[in-house]
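Since every read-out is calculated from the coordinates, none of them should be taken as a lab result. Quick caveat, the model's predicted, so the values are computed rather than measured. Here the Cβ is made from the backbone with ideal geometry for all residues, glycine too, and neighbour counts use every protein chain on show.
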Amino acid sequence: MIQSSAPKHMLRQIRDIMAMRDEAGPRLQKLVSVIAANMQAQVCSIYLRHSDDSMELWATKGLASEAIHNIKLAPNEGLVGEVARKLSPVHVKNAQEHQAFSFQPETMEQDFISFLGVPILRARRLLGVLVVQDNQERLFSHDAVEALQNVAMVLAEIVASGELLSHEELAGVPVRPLQPLTILGKSVVSGLAMGQAVLFEPHIVGESRIAEDSEVEMTRMLAALDGLRKSLDQLFAGKGHAFGEPTREVMNAYRMFAHDQSWVDRLSKAVSAGLTAEAAVERVRGEYRHRLLRARDPYLRERLHDLEDLTNRLLRHLGGDVALNLPKDTILVARNIGPAELLELDRSKLRGLVLEEGSRTSHAAIVAGAMRLPVVGALPGLLAAISEGNTLLVDAETGSLQIRPDSETKESFIERLRVRQQRRAVFSKFKDKPAISVDGQRVELFLNAGLKIDLPQLETTGADGIGLFRTEFQFLLADQLPKQQQLTELYSDVFKAAADKPVVFRTLDLGGDKVLPYVSHAREPNPALGWRAIRMAMDRPGMFRYQLRALLNAANGKTLRVMFPLVSTVDEFLQAKELLKKEVQRLNRFGHTNLPKELKIGCMIETPAMVWQLDQLLPHTDFISVGANDLLQYFFAADRENIRVSERYDPLHIGAVLMLRQIVDTAKKYNVPVSICGEMAGRRADAALLLALGFRQLSVTASAIGPLKQLVLSLDIRALSNQLNVWLSENNPNLRKKLLAFAKSAKINL
Ligand code: PEP
Ligand code: MG
C-alpha cells in the first residue's frame, strides 16, 4: 500500500531525475523505475500518442526492453486504448480477463495480471498513457491511483516542455514545443497582430509543479482561498437595484465551489501529496471537469463554466495577480472567452486574441471588433501547442496563427503590418468624402458602438452617425448594476460625441450569452431561444424604465432614436413603445425640461417571425434595423455562439437573400427607413450584395467603414442590382460565386 508520505517522496525523486544531466533515454528509464518502485509495482511504462492516435511504448521498467519503440498500439487498442478513449484512469484486478485486453508478444507481459493506467493530459489534450502493472491480482488503493495521476500531470509538462525529449525525438507526437507551427482556423475579427502569448487560463509549467515545501504551499493555498472568497463577497455585495437582490441562485453557483468543503479538501490533499498549490488547483480542475462533463444533469454540466472561472480566479490569487496583468504586446490565448471577461482586460496592452473555439457573430467577437482587436478562432489544438511567452503571429485576414515563427516569416509579417498601416492611411484620406457610388447613389455608413472607447471612432472614420449603440456592454462591464445617473452621463457623452450626427440606441439586450453575474438568471436549456432582450425587459419593466429614463434625460433637446431588440410580435413592439411614451408623459408631468425635441421609435428585425409581420408593424414604427446576426441564426436554426454550426450557412444563401429582399421591398412600400447592422454588413462582398438589394444604410464596426467606403466609391450599384435580379430569377443558389465573378470582371476588390 502506498504510504501517506510516499507520493511526496516520489515527486521529489522525479524532480531530482529531471535535474540530472543524463541523456533523455536513461532519464526516462530512471523515471519509470522510480515510479514502479514507489507504486510497489512490477511494471511501469510510458506510452506516447502519435498524431495518428496510435500509442508507442517509450519507456518501461518490467516489460521486455526490446519492446521500447517497437510496440505501437492501434487507436483504442487494449487497456491503454481504453484509458485514451475514456481520458480517465482504468483500473483492473485481472487484466487478462478484461474484454479490452490485447496481448503483445514483444512485451512478455503474460505474467502481469493487475493493471492501472492513467492518461497523460496537458491542456485537456491526451499526450500519452502512464501504466503500472503487477504480477498479482491486486487493486491499487485510491491514494495510489491519485498519486499516479499526479505523476502523469507532471510528466505531461515534462514531455511538452521539451526538457526531456527534443523535438526531433518527439516528431510524430502531437507536441512539438520548440518548432514553428502554423494552425489554420477562421478569421473572427479581421486584422494582423504580432506579440507574446499570454494564456487566459493560467497554466503552470515543468518542475514548478513539484513543491519544495508542502507546508509553505498549504499556507499559500489557504490564503488564496481566503482571498478568493473575500473577492466574491465583494462582487456580490451590490444591493438594492432594480433587478432586486442578487439572488442566492447566482451566488450559489459561484460560491458552490469556493465554499464547498470537498473542493477545498481535494485541493489540500493534492498539496499534501507534494504538488505546488498551483499544480494542485490544476489537478483538481481536471478531476471536476471530467466529472461535470459526464454529468447527465444539464444544470451540473453548465456549472463547468463557473468552475473554470473560479479556478482561474484562484490561480490569479495564488500568483498575487488578482486581475490578469497583461504585459505589453499581449496576444491572449483562450479556449473561449465571454464578452464581460474581454471587457475587463487592459486594451492598451492587447494586440490580438486567439481562440480554440469562438465564432464570428459571438458577442465576444463583437466586443473584440469594438475594441479593434484582431481575432482568429476555431483553432484546433491551440492550447496544447502554445506555451506562455511564445511569439505569435495572428493573421486574422486569412484566419491562421503562426506559433514561434522563424525570422523570415516574422520579417515578412512585419512587412504586411506596414502595408496594412499604409492602407489605413489611404482610407483616412477619403474619410470626409461622402460614400456615393459610381452610379450616383448615396450610401450612409454608420458605426456600431457600445463603449466609451468607441466614440472617438466617429471622428476618425468619418462615419455618418451611430447606427447601433449596444447599451448592454455598460452593464456587462460593471461589477454591479450601473446607477441611473451613470447611464445618463454615458448617454450624454454619446450625444456629445455625435454632435449633429444621428445615434440609434438599442435598449438592453441581455440574456442569451450576455449574463450579468450580479443579476438573478436561471440557467436555461436553450439560452438563444430563451429569456433575453425585449422579453426580459417587458418582464422586468422596472429595469427597462430606468434605462428609458436615462435615455430621455440624456437627449436634452436633441432627437432621441430608440429601438427594441429581438421583437417577435407586433404586440411586443407596441407594448414597449407604450412604455416609452408613458415615461415621456411622466417626465413631462414632473416638469422635466431636458426632454428630447423629437422621439423616433424603431424596431429591430431579428426574428423571422417579424419578417412576416412587416405589413402590421411598419405603420407603427419610425424605422427598422435588421439585426442580421440574430435574424440569420434563427433563420438557419444555427446557434451563433456555437462554432460547429455558426458558419455552416452562407449569409448570401439564396434563402436568406430572398428574405432580406422582402424586408427592403416592404419597408420601401411603407416609406420606412431601413438599415442593417449585423456583422455581414461590414464584410465587403456581403455589403455589395446588400447594396444591390436596396439597403442604403449599413451600420458596421469602425474598422469596416474605410473599406466599405472604398467599395461604394468603386461600385456601380445599379449594374450589380440588375445582375442580382437575373441571378435570382434563375434561382441560382450560389450567389457568392456569381458575385465574386462579377467583382473580378468589374475590377472591384471585394
Ligand atoms: C444582430 O443581431 O445582428 C445585432 C446587431 O445585435 P447583436 O449582435 O448585439 O445581437
Ligand atoms: Mg441581435
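For the chain, give the share of DSSP beta bridges that are antiparallel, in percent and rounded to the nearest 5; count only bridges with both residues there. Each step should come with its number before you reach the end.
On the way: 45 of 83 bridges.
Taking every DSSP beta bridge within the chain, about 55 percent pair in antiparallel fashion.
Take peptides 214-226, 549-561 and line them up by average Cβ neighbours within 10 Å, highest first, as a rough protection proxy. Could the numbers behind the result be given before it?
Numbers: 214-226: 16.8, 549-561: 20.8.
Peptide ranking by packing, descending: 549-561, 214-226.
Please report, in Å, the Rg and the Dmax of region 1-65, where both are computed over Cα atoms only.
13.0, 39
For a paramagnetic label modelled at 7 Å from the Cα of W612 toward its Cβ, which residues of region 644-663 fall within the zone defined by backbone nitrogen distances under 17 Å?
Zone members listed by number: 655-663.
Between R644 and L529, take the C-beta separation as r, use R0 = 22 Å, and let me know the FRET efficiency to the nearest 0.05. Before the final figure, lay out each step's value.
On the way: r = 17 Å, r/R0 = 0.78.
Step by step, r from the Cβ atoms, then E = 0.80.
Please state the relative contact order of the chain as a whole percent: Cα pairs under 8 Å, 6+ residues apart? Mind showing how you got there, number by number?
Values: 1396 pairs, mean separation 78.6, N = 750.
Relative CO of the chain lands at 10 percent.
Please report, in Å, the Rg and the Dmax of region 46-118, where both are computed over Cα atoms only.
Final numbers for Rg and Dmax: 11.4, 31 Å.
From the Cα gyration tensor of region 6-161, with a ≥ b ≥ c the square roots of its eigenvalues, which class applies: rounded if a/c is under 1.5, or else prolate if a/b is larger than b/c, or else oblate? Write down the numbers at each step before the final one.
Details: a/c = 1.35, a/b = 1.21, b/c = 1.12.
Rounded is the answer for region 6-161, as its axis ratio a/c remains below 1.5.
Shape call for region 596-642 from the C-alpha gyration tensor, a ≥ b ≥ c root eigenvalues: rounded (a/c under 1.5), prolate (a/b greater than b/c) or oblate? Can you show the working numbers first?
Numbers: a/c = 5.20, a/b = 1.85, b/c = 2.81.
In terms of gyration-tensor shape, oblate.
Using only C-alpha positions, report the orientation-averaged shadow area of the convex hull of region 659-750, nm², one decimal. Walk me through the numbers on the way to the answer.
Values: hull surface 23.5 nm².
Mean projected area of the Cα convex hull: 5.9 nm².
Let a ≥ b ≥ c be the square roots of the eigenvalues of the Cα gyration tensor of region 345-480; is it rounded (a/c under 1.5), or, if not, prolate (a/b larger than b/c) or oblate?
Numbers: a/c = 2.26, a/b = 1.34, b/c = 1.68.
Cα axes put region 345-480 in the oblate bin.
Between region 66-90 and region 662-686, how many Å separate their Cα centres?
56
Starting from the Kirkwood Rh over alpha-carbon pairs, what translational D in µm² s⁻¹ does region 433-746 have by Stokes-Einstein at 4 °C and 1.567 mPa s?
Numbers: Rh = 20.2 Å.
This corresponds to a translational diffusion coefficient of 64 µm²/s.
Residue by residue through region 65-77, what is 3J(HN,Hα) from phi via Karplus (6.51 cos²θ - 1.76 cosθ + 1.60, θ = phi - 60°)? Round to whole Hz and write x for glycine and proline.
Those phi angles translate into 5, 5, 6, 4, 6, 9, 8, 10, 7, 5, x, 6, 7 Hz.
Can you give me the P(r) profile for the chain? Cα pairs, bins 20 angstrom wide beginning at 0, each as a whole percent.
P(r) over the chain, rounded to whole percents: 15, 43, 30, 12, 1.
Going by alpha carbons, how many degrees (0 to 90, nearest 10) lie between the helix axis of 142-161 and the longest principal axis of the chain?
That works out to roughly 70 degrees.
Through the Karplus equation 6.51 cos²θ - 1.76 cosθ + 1.60, θ set to phi - 60°, convert the phi angles of region 222-230 into ³J(HN,Hα) values in whole Hz; use x for Gly and Pro.
5, 5, 5, 4, 4, x, 4, 5, 5
Which of the trypsin sites (Lys or Arg not before Pro) across region 388-467 are loop residues per DSSP, with 16 or fewer other Cβ within 10 Å? Intermediate values should be presented prior to the final figure.
Values: sites: K410, R416, R418, R420, R423, R424, K429, K431, R442, K452; in loops: K431.
Answer in residue order: K431.
Each residue of region 90-99 in order: what ³J(HN,Hα) in whole Hz does its phi give by Karplus 6.51 cos²θ - 1.76 cosθ + 1.60, θ = phi - 60°, with x for Gly and Pro?
Ordered by residue, 3J(HN,Hα) equals 10, 9, 9, 6, 10, 5, 5, 8, 7, 4 Hz.
Counting other C-beta atoms within 10 Å, and keeping those with at most 15, which DSSP coil trypsin sites (Lys or Arg not before Pro) do you find in region 1-80?
Numbers: sites: K8, R12, R15, R21, R27, K30, R49, K61, K72; in loops: R21.
Those satisfying the criteria are R21.
Give the lysines reachable from K738 as a straight Cα distance under 16 Å; neighbours fewer than 8 places away on the same chain don't count.
Reachable lysines: K747.
Restricting to DSSP H runs of at least four residues, report the calculated mean residue ellipticity at 222 nm for the chain, -39500 (n - 2.57) per run over all residues, nearest 500 deg cm²/dmol. Intermediate results must be reported in sequence, preceding the final value.
Details: 28 runs with 334 residues, N = 750.
Helix contribution divided over all residues of the chain: -14000 deg cm²/dmol.
Taking the Cβ of L691 as the centre, find all other residues whose Cβ is under 13 Å away and add up their charges (Lys, Arg: +1; Asp, Glu: -1). Don't skip to the end; give the middle numbers.
Values: positive: R442, R661, R683, R684, R696, K709, R718; negative: D439, E444, D686, D716.
Combined, the nearby Lys, Arg, Asp and Glu give +3.
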